[in-house]
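Structure first, then comments.
Read the figures in this text as sums done on the coordinates, not as results from a lab. The structure presented is a predicted model; accordingly, all values stated were derived computationally and were not measured. All Cβ positions, even for glycine, are placed from backbone atoms using ideal geometry, and neighbour counts span all protein chains on display.
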Amino acid sequence: MATATVTAASTLSWLHSFGGTQNETTKVADKNRVFVVFAQKKAKKTRKIILKEDVEYLGKKGQLLDVKAGYFRNYLLPTGKAQIITSSLLKC
C-alpha cells in the first residue's frame, strides 16, 4: 500500500511539472485520458551514391547506385569507397 502512494505522488508531481494544478492532476488520475504521441519521421532506407572505386558484388568505379543507408554509413563511407550523390556532382 505504501508503494502505491509513492507511485501516485510521483505521478502527480510529474504532471504538476507541466503546469497543471493539483486539481487537474487529480482529474487525470480519476478519468481515463488519451495521450497523443507524435512519432518521428522515418529515416530514408536507401541512399543514392556514386562509387569511387570498384566494390566486389556491388559495382564498378563511377557507377550510380541505390544502397541501404546502413551499408553506406557503416562500410562504404568510412572506407572511402562511395560518396552520396548531390546536385552539384550530377552537373559536372
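Quick notes on this one:
- Distant-in-sequence amide H partners of ILE85 (H built 1.01 Å from N, under 5 Å): LYS48, ILE49, ILE50
- Sequentially through the stretch 62-73, phi angles give Karplus couplings (6.51, -1.76, 1.60; θ = phi - 60°) of x, 7, 8, 9, 9, 10, 5, 4, x, 5, 5, 5 Hz, Gly and Pro residues having no value and appearing as x.
- Cα→Cβ-extended label distance, 7 Å offset, between GLU53 and LEU90, nm: 2.8 nm
- Full extension of the chain between PHE35 and LYS68 gives 8.4 nm of extra length, using 0.36 nm per residue less the Cα-Cα distance.
- Within the shell of other residues whose beta carbon sits under 10 angstrom from the beta carbon of ILE49, the net charge comes to +3, with Lys and Arg scored +1 and Asp and Glu -1.
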